[in-house]
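Heads up, the thing below is written out as structure tokens.
The values are calculated or read from the model by the stated rules, or taken from the named source; none is laboratory data. Just so it is clear, the structure is predicted and the values come from calculations on it, not from any experiment. Every residue, glycine among them, receives a Cβ derived from its backbone with ideal geometry; neighbour counts consider all protein chains shown. Accessible surface areas use protein heavy atoms only, side chains included; no ligands, DNA or RNA. Shrake-Rupley method; radii C 1.70, N 1.55, O 1.52, S 1.80 Å.
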Amino acid sequence: MITMQRRQLVGHDILLARHGNHISSMRVDRSNDRVVALLDDGSLDSAPNLITPGLQLPQTVRSVLREDWKFLGAWAGMTALMGGLMAAAAVVVGTTADPAMLEAFTAYAPY
């Protein structure tokens, strides 16, 4: 189930508890699922984002798009391609078909 609430990153809380006001900046390392903090003295520290590795957090719209962007992009591309082909076919049929056939197409009731 997709929820609209923002995911809470546990790594931020862990790093704030460890270092408090000595953190200069923090960034999320999504490939390793960790939060990395740059400290005032120039050193780095990191903390995991998950409490347990098997914990399944609820999916958000952003997480679904991040994981499935290739599939959704391919689907949108195929939809646009099919729409373009259908529009081109309609133009070709409209310009090359016999006028009597076009009249029959528009006069025929599909139900």
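Taking the options I51, I2, I14, name whichever one is open to solvent by 50 Å² or more (accessible area, probe 1.4 Å), of a type in the set (A, V, I, L, M), at pLDDT below 90 and touching a strand residue (DSSP E or B) at 6+ places or on another chain (Cβ under 6 Å). The unique qualifying residue is I2. Among the residues of the range 66-89, those that are under 30 Å from S31 (Cβ atoms) and surrounded by 10 or more Cβ atoms within 10 Å (Cβ to Cβ) comprise R66, E67, D68, W69, L72, G73, A74, W75, A76, G77, M78.
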